[in-house]
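Here the structure comes first, spelled out in structure tokens, and everything after it is commentary.
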Number of protein chains: 2
Amino acid sequence: MQNDILLKAARGEETPRVPVWIMRQAGRILPGYRKVRASVKDFTELVKTPELACEVTLEPVNVLGVDAAIIFSDILVIPEAMGLPYQMLESKGPHFEKTIKTAKDIDALRIGTTENWDYVVNALKLTRKELDGKLPLLGFAGSPWTIFAYMTEGSGSKTFSVAKKMIFSEPQLAHKLLDKITETTINYLKDQVKAGADLVQIFDSWGGILGHDTYYEFSLQYMERIANELSKLVPVTVFPKGAYFANEQLAKVNCRVIGLDWATSPTSARSIYKGKTLQGNMDPCMLYADTKDIRKAVQTMINGFGTQNYIANLGHGVYPDTPVDHVKCFVEAVKEFGAK
Amino acid sequence: MQNDILLKAARGEETPRVPVWIMRQAGRILPGYRKVRASVKDFTELVKTPELACEVTLEPVNVLGVDAAIIFSDILVIPEAMGLPYQMLESKGPHFEKTIKTAKDIDALRIGTTENWDYVVNALKLTRKELDGKLPLLGFAGSPWTIFAYMTEGSGSKTFSVAKKMIFSEPQLAHKLLDKITETTINYLKDQVKAGADLVQIFDSWGGILGHDTYYEFSLQYMERIANELSKLVPVTVFPKGAYFANEQLAKVNCRVIGLDWATSPTSARSIYKGKTLQGNMDPCMLYADTKDIRKAVQTMINGFGTQNYIANLGHGVYPDTPVDHVKCFVEAVKEFGAK
């Protein structure tokens with residue numbers, strides 16, 4: 001591979017500079033993406049068409065100069081693969097016509113296998129071929145808890161009180177569903193690796209709405225199962241958005257990389273996550289600042305994390321209205337200030 | 001005062017048992033509230049009619065048996081007092097027709113004074129009279145950052161990226177607005193104390209969307225100014241929802257009580273907030289569980305915090321669809337397991 005510094009950093013090996021990629025780099029910030037998106041009926045058509053998914057996956061590699069491509073897809077491939085389809089409503093987010101409420105609903109779901117996500121497999125294979133050994137390709141999935149939250153709530157939510165109602169009032173039912181999601185996710189990520197993913201990231205986007213006494217039981221233990229299986233194959237990144245209260249439990253997970261949001265300071269993260277590679281963590285809103293201030297913030301961030309065992313990124317997906325020049329400035333500043 | 005155990009706990013004095021109240025106790029969980037709410041045109045009419053605000057403030061005292069009344073009002077009294085009116089849209093939350101974008105917008109705002117919130121003052125006086133020395137009456141306000149977030153964003157938001165854009169791209173403008181909100185809030189809370197509030201709570205509802213490097217500058221320093229002024233008069237509670245990452249800075253604030261959400265474990269909170277009274281912190285979704293499990297969770301919570309320097313509460317406002325019997329069960333379990 002021509003540029004493998006991101007994988008080296010993920011494995012804890014020495015790198016000449018800090019590698020960088022950006023969550024949601026293949027998305028609405030880029031003009032090429034918006035053009036492709038406008039050419040299809042809806043978001044899911046884009047996700048399900050390997051040629052288009054490949055095209056938007058490669059765009060940030062060329063336009064932004066990042067050190068990895070991440071396959072363009074969605075975490076909600078999993079519920080759909082299990083038999084619970086979703087729509088992505090413009091400016092409203094995901095919506096499920098039907099949600100999971102009862103044991104019968106759970107029994108009706110299947111454990112997903114290759115045939116249920118062949119379009120992702122094909123998109124990965126195609127992208128891998130197009131990348132032609134230039135850069136690593138990243139795969140991903142949502143954490144079982146995050147997928148559970150959407151399948152029971154039916155959409156995004158400020159409180160996810162429907163999802164949480166199930167864990168508190170019918171914990172056994174919740175575990176049954178989480179178990180099925182976990183099995184499916186392990187199959188899914190193994191298929192991603194087979195199709196060419198060099199590293200996989202688990203997005204625990206809604207872990208932060210759990211608490212000190214529920215996080216391990218309903219989120220972390222299921223991510224652990226996935227991490228244990230996948231770590232045999234590739235480096236695994238766990239991104240526990242908003243779950244800083246579980247830092248000490250997270251430090252014990254069998255994964256090489258921990259993704260951090262902007263809540264945590266580099267210093268405290270280094271003291272908690274000894275021996276792991278850290279990824280993150282600038283507030284995406286910082287990219288609204290002028291480029292002088294962005295450069296300063298990148299420098300401070302790298303000073304905090306150091307240049308080794310570190311992958312620069314934002315602390316959350318880049319917001320769609322971010323000026324693309326500011327995103328480029330972020331990437332370039334990492335390359336400049338991140339030299340060993 | 002016939003029952004002053006909540007104030008005693010707040011001041012760090014010995015209490016015969018753990019006092020208890022519930023955030024949003026005067027609200028949609030109670031049939032009397034829903035009846036009063038149905039009799040008026042909209043939410044703001046209820047907030048602005050002292051007789052009705054008093055009536056719904058007293059209902060939980062009688063129905064739930066809590067150890068304090070908290071005045072029925074809204075944190076958005078402050079923007080309205082400053083000249084920026086809001087509406088409360090059914091099942092959508094707050095909405096501002098106009099938002100704050102420029103220095104001119106900020107200059108056009110006034111520093112609010114008594115005449116801008118006379119309806120709250122009158123509601124407090126009336127409630128104080130009706131309480132007739134039975135229980136303490138609590139006042140409250142939003143944190144300047146939380147009020148700022150609504151005034152710039154115009155509504156609730158998952159990311160508050162408009163509000164945060166201002167702090168990153170025009171920090172001086174942001175500070176100008178935060179300063180004006182802080183001055184107004186100090187006036188407001190002093191008036192609440194004059195009108196009969198025995199303790200005031202500052203709700204930093206959106207503190208959690210800031211980070212390790214922005215929380216002090218844009219939220220905490222302004223709460224500190226308020227806490228310094230108000231602590232001269234009554235015990236002050238600071239409730240930094242979701243801002244667990246700032247625990248150590250928060251421990252230094254000049255306030256008697258820290259409110260906790262469910263992210264933090266009692267043990268770690270006790271080790272960080274030495275010398276303070278703690279309030280909280282059960283996940284409101286736990287009240288969806290059956291009463292046997294609620295009782296068990298209350299017992300665990302009290303075992304964690306201990307019975308002294310502690311005020312039992314939820315970690316967030318009670319959700320409107322919570323069965324009222326489960327809320328009563330929570331209150332009764334605190335009284336049972338919270339004996340010294």
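The values are calculated or read from the model by the stated rules, or taken from the named source; none is laboratory data. Predicted model, so just to flag it, every value in this text is computed and none were measured. We place every Cβ from the backbone using ideal geometry, glycine too, and count neighbours over all the protein chains shown. In case anyone asks, the SASA skips ligands and DNA or RNA and just uses the protein heavy atoms, side chains included. Shrake-Rupley method; radii C 1.70, N 1.55, O 1.52, S 1.80 Å.
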Residue B:331 in contact (Cβ under 8 Å) with a residue 60 or more places away in the chain, more than 9 Å from chain A (Cβ to nearest Cβ), aliphatic (A, V, I, L, M) and closer than 16 Å to residue B:66 by Cβ: yes
Residue list for segment B:62-85, restricted to those being over 15 Å from the mean Cα position of the chain (by Cα) and buried (at least 23 other Cβ atoms within 10 Å of the Cβ): B:66, B:67, B:79, B:81, B:82
Of the residues in segment B:156-200, those that are at negative phi and not in a helix (DSSP H, G or I) come to B:156, B:157, B:158, B:159, B:170, B:195, B:197, B:198, B:199, B:200
Identify, please: which residue in segment B:106-125 is among the hydrophobic types (A, V, I, L, M, F, W, C) and open to solvent by less than 50 Å² (accessible area, probe 1.4 Å) and is, among those, nearest to the other protein chains (Cβ to nearest Cβ)? B:106
Selection from segment A:57-96 of residues that are charged (D, E, K, R) and either without any contact (Cβ under 8 Å) to a residue 40 or more places away in the chain or touching a Cys at 6+ places or on another chain (Cβ under 6 Å) (or both): A:59, A:74, A:80, A:90
For segment B:24-43, give me each residue that is exposed (fewer than 14 other Cβ atoms within 10 Å of the Cβ) and touching a strand residue (DSSP E or B) at 6+ places or on another chain (Cβ under 7 Å). B:42
Could you please tell me which pairs satisfy a Cβ distance under 8 Å, a separation of 6+ or placement on different chains, a first residue in segment A:13-25 that is among the acidic types (Asp, Glu), and a second residue that is part of a loop (DSSP other than H, G, I, E, B)? A:14/A:308; A:14/A:340
Subset of segment B:181-197 [surrounded by fewer than 22 Cβ atoms within 10 Å (Cβ to Cβ) and not hydrophobic (A, V, I, L, M, F, W, C)]: B:183, B:187, B:190, B:191, B:194, B:196
Is there a residue being under 21 Å from residue B:282 (Cα atoms), surrounded by fewer than 24 Cβ atoms within 10 Å (Cβ to Cβ), among the polar types (S, T, N, Q) and more than 9 Å from every other protein chain (Cβ to nearest Cβ) anywhere in segment B:205-218? yes
Within segment B:303-314, how many residues are within 14 Å of another protein chain (Cβ to nearest Cβ) and over 11 Å from residue B:22 (Cβ atoms)? 3
When both residues are 6+ apart or on different chains and their Cβ atoms are under 8 Å apart, which pairs have a first residue that lies in segment A:295-308 and is within 15 Å of residue A:278 (Cα to Cα), and a second that is at pLDDT below 95 and open to solvent by 80 Å² or more (accessible area, probe 1.4 Å)? A:307/A:340; A:308/A:340
Considering segment B:204-239 alone, what residues qualify as being of a type in the set (Val, Ile, Thr) and assigned to a helix (DSSP H, G or I)? B:209, B:226
Quick check: anything in segment B:132-148 surrounded by fewer than 23 Cβ atoms within 10 Å (Cβ to Cβ), closer than 30 Å to residue B:195 by Cα and of a type in the set (Lys, Arg)? yes
Considering each residue of segment A:167-180, count those that are within 14 Å of chain B (Cβ to nearest Cβ) and open to solvent by less than 40 Å² (accessible area, probe 1.4 Å), and give that number. 4
All but one of (1) among the charged types (D, E, K, R); (2) free of Cβ contacts under 8 Å to residues at least 12 places away in the same chain; (3) open to solvent by less than 30 Å² (accessible area, probe 1.4 Å) hold for residue A:164; state the number of the condition that does not hold. (2)
